[in-house]
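The values are calculated or read from the model by the stated rules, or taken from the named source; none is laboratory data. Since we're looking at a predicted model, the values are computed, not measured. In this analysis, Cβ positions are derived from the backbone assuming ideal geometry, glycine residues included, and neighbour counts consider all displayed protein chains. For the accessible areas, the whole protein counts, side chains as well, though only heavy atoms, and no ligand, DNA or RNA atoms are used. Shrake-Rupley method; radii C 1.70, N 1.55, O 1.52, S 1.80 Å.
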Amino acid sequence: GFTFSGICRVTCLYGQVQVFGFTISQGQPAQNVFSTYTHSRLTINAVHYSVHEKSKKEMKREARSLLRSYLNQDDRYCLMKNFSPLCSILLLERLKTSTVNFIISHPGLSYVFVQEIPTFQINSEYFALKSVGIRRERKKNGLRLTESAFSVMDELVSISCEEADGCPVILVCGSQDIGKSTFIRYLINQLLNSISCIDYLECDLGQTEFTPPGCISLLNVTEPVLVTMAGPKPSPPLRFSRIDDSHLYLLRTTFHPPEDTPENGLLWEVFLYMPDLSPSYVDDMDGLYTKSTSKVRNRGFHLAEFADNLECADEEKESPVLFTGYKLMSVKSEFVSGKTPRNRESHNKVLRELAVLSYLGQLQPPVPKPLCPLHGLTPYQVPFNAVALRIIHADVAPTHILYAVNASWVGLCKILDDVRGHAHGPILLAQTPICDCLGFGICRGIDMEKRLYHILTPVPPEELRNVNCLLVGTISIPQCVLKSQRGLEGTIPYITTDYNFKLPGASEKIGAREIEETRKEKVHPKPKFYRKTN
């Protein structure tokens, strides 16, 4: 195995290797691999592969032929001197994407992918790997899973491949910082070795896997997740919704299979360091929409109240909601988290900011074009009377709504209500809707004269036509975005060195009245004045 830190592009030229549970074989497309400094390092492991009774001479001839497109004759000769049967040959390249370049351009977060760490092994390999953007790490720094984790994943992969009448439903739950995300990513990669796609239902608002934080989502994952943390991952189609009742909304609007789609099959529950969630334990406990006095019908659980809350059509209510039980599988984790109550929030904040920056990176032009600062991009102009507004996490006076929306992270949503017909706007919603979120953006300015919102978003225009609602929550624009606006002269918009914390609502805690000493530099939690930016 080769344990490393950094980011690179991996192509298997000959043989077969495995990274984070995903098998990469010769002839397959190159894979982007992210072995970040904030988590355990990834390892590229050689795996056994079939050679169909070829001689060593035949294998060398095949490997030499495959290398002609990548190396000159002298380099091929040097490489083939180290050739041995069942070896694997990899091409490691520097990863150049606009998203990665955008993240690295922010000094406060570049350390996640790139670090200049002193080493005593300065040799030709060190410089070769450095030119790619990675460095060799000790094996002890690599990601390690327990035998029970591998055993559970082997069984889940086997069941998923053998299930003919439906698709298994796997629920992973466990306590904080126990390794759930690592287990899920590894399991997804293992499953993608055998099946073409996995539906992933995101229920963790604060620490999302594939999207910016703040929404639940349903994603169809078709590419491996070769990254140890939240950040630049595959971008499958997204479905977003608000928490609580929105779980029901998401299930009702998305999990409505066509007639030729098989029903969901067995439910497999995997838990890490939690109470033993056996069927009898769950049956005796109250749930969000169920009581402990559940009725048993057809050897399953008939959840009448759950069915009523789904707001199904009349023909759907005729078929009762049945859960035919599940198999409980336990993973004993030896993982010791490096987080403490003191540094946990700051660590999680970094992950949330990386997820937001990854999303904003889609605004950048493709490489090799240079990065463009966000204030240099042309925003969309959205009329006041084209969208409704709602601050979902706090009560804001109507006269202060635009102060709260300006320079904020906004959800671009589609509600069922028709908001057209209002002469001027802004249009304010009295309640937070349960709706689809088609994407996210930044309200980078408000033109009061022309009554326009200026929105920066990577959502394509054909999708934006369906947006008729802007929702603002607790997710904020990373401070590094506001503080690292290159090319500006004079005062940077929304940043001040003279900020009065004694003002009601001026604290970073929403609604709190805290008196703090004025710091030398402070990024506004919410901008003091709204204005149109240049």
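Residue by residue, here is whether (1) open to solvent by 30 Å² or more (accessible area, probe 1.4 Å); (2) at pLDDT below 90; (3) out of contact with any Leu (no Cβ under 6 Å at 6 or more places or on another chain); (4) not assigned by the TED database to the domain that holds Lys96 holds:
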residue	(1), (2), (3), (4)
Lys369	yes, no, yes, yes
Leu412	no, no, no, yes
Asp418	yes, yes, yes, yes
Gly421	yes, yes, yes, yes
Leu428	yes, no, no, yes
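Take Glu93 and decide whether it is within 30 Å of Cys372 (Cα to Cα) and surrounded by 11 or more Cβ atoms within 10 Å (Cβ to Cβ). Show your work before the answer.
Values: within 30 Å of Cys372 (Cα to Cα): yes; surrounded by 11 or more Cβ atoms within 10 Å (Cβ to Cβ): yes.
Judged against the criteria, Glu93 is a match.
Among the residues of the stretch 13-71, those that are among the aliphatic types (A, V, I, L, M) and touching a strand residue (DSSP E or B) at 6+ places or on another chain (Cβ under 6 Å) comprise Leu13, Val17, Val19, Ile24, Ala30, Val33, Leu42, Ile44, Ala46, Val47, Ala63, Leu66.
Of the residues that make up the stretch 92-105, is at least one within 18 Å of Gln16 (Cβ to Cβ), out of contact with any His (no Cβ under 8 Å at 6 or more places or on another chain) and of a type outside the set (Gly, Ala, Ser)? Taking every residue of the stretch 92-105 in turn, at least one turns out to be within 18 Å of Gln16 (Cβ to Cβ), out of contact with any His (no Cβ under 8 Å at 6 or more places or on another chain) and of a type outside the set (Gly, Ala, Ser).
Could we say that Ser88 is at pLDDT below 90, open to solvent by less than 70 Å² (accessible area, probe 1.4 Å) and not β-branched (Val, Ile, Thr) here?
No; evaluated as a whole, the condition is false for this residue.
If you check Pro527, Pro493 for being in contact with a Ser or Thr (Cβ under 6 Å, 6 or more places away or on another chain), within 28 Å of Leu428 (Cβ to Cβ) and at pLDDT below 85, only one passes: Pro493.
The single condition among (1) more than 27 Å from the chain's Cα centre (by Cα); (2) not in a strand (DSSP E or B) that Gln115 does not satisfy is (1).
Looking at the structure I just gave you, is Lys140 without any contact (Cβ under 8 Å) to a residue 12 or more places away in the chain and open to solvent by 40 Å² or more (accessible area, probe 1.4 Å)?
On the way: without any contact (Cβ under 8 Å) to a residue 12 or more places away in the chain: yes; open to solvent by 40 Å² or more (accessible area, probe 1.4 Å): yes.
It is true that Lys140 is without any contact (Cβ under 8 Å) to a residue 12 or more places away in the chain and open to solvent by 40 Å² or more (accessible area, probe 1.4 Å).
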